[in-house]
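As structure tokens, the structure follows; a few thoughts come after it.
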Amino acid sequence: MYLLQTTVLWDLYQCRLKRRHIFRENKADFDRDFHNAPTRQFIILLDGEIEITTSLGAVRRFRGGEILLEEDTIGAGHKTENIVQCIRKSLFITL
């Protein structure tokens, strides 16, 4: 699994010259109610742990080193909760 994630990260790294990327730091108490993704984007969690809840009630946790694909640009969106109470760093790559 780690090799696959590393390969995906390398592919994303090579694309960053063509695509917009944003490094973001969130406060330890970061929780965000339902919202939409501004655009289709990959989110690479660099550390920490979050819980995402979809508008249909599905819940999933993601940890540092994992990659999410956000596509919910319309509709009710998703909710984000910081699980580990620490400053969390992420890399956003818009598609």
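The values are calculated or read from the model by the stated rules, or taken from the named source; none is laboratory data. Keep in mind that what you see is a predicted model, and the values were worked out from it rather than measured. Methodologically, a virtual Cβ is constructed for each residue, glycine included, from the backbone with ideal geometry; neighbour enumeration extends over all protein chains shown. These accessible areas exclude ligands, DNA and RNA; they are computed on the full protein's heavy atoms, side chains included. Shrake-Rupley method; radii C 1.70, N 1.55, O 1.52, S 1.80 Å.
Couple of notes before you dig in:
- Set 23, 34: member being part of a strand (DSSP E or B), open to solvent by 100 Å² or more (accessible area, probe 1.4 Å) and either modelled with pLDDT under 95 or closer than 25 Å to residue 86 by Cβ (or both): 23
- When the strands (runs of 3 or more DSSP E) confined to segment 50-95 are screened for residues that are free of Cβ contacts under 8 Å to residues at least 40 places away in the same chain, those reaching at least 3 such residues are found at 59-63, 67-70.
- Some residue of segment 70-77 being more than 19 Å from residue 23 (Cα to Cα), surrounded by 13 or more Cβ atoms within 10 Å (Cβ to Cβ), over 13 Å from the mean Cα position of the chain (by Cα) and among the hydrophobic types (A, V, I, L, M, F, W, C): no
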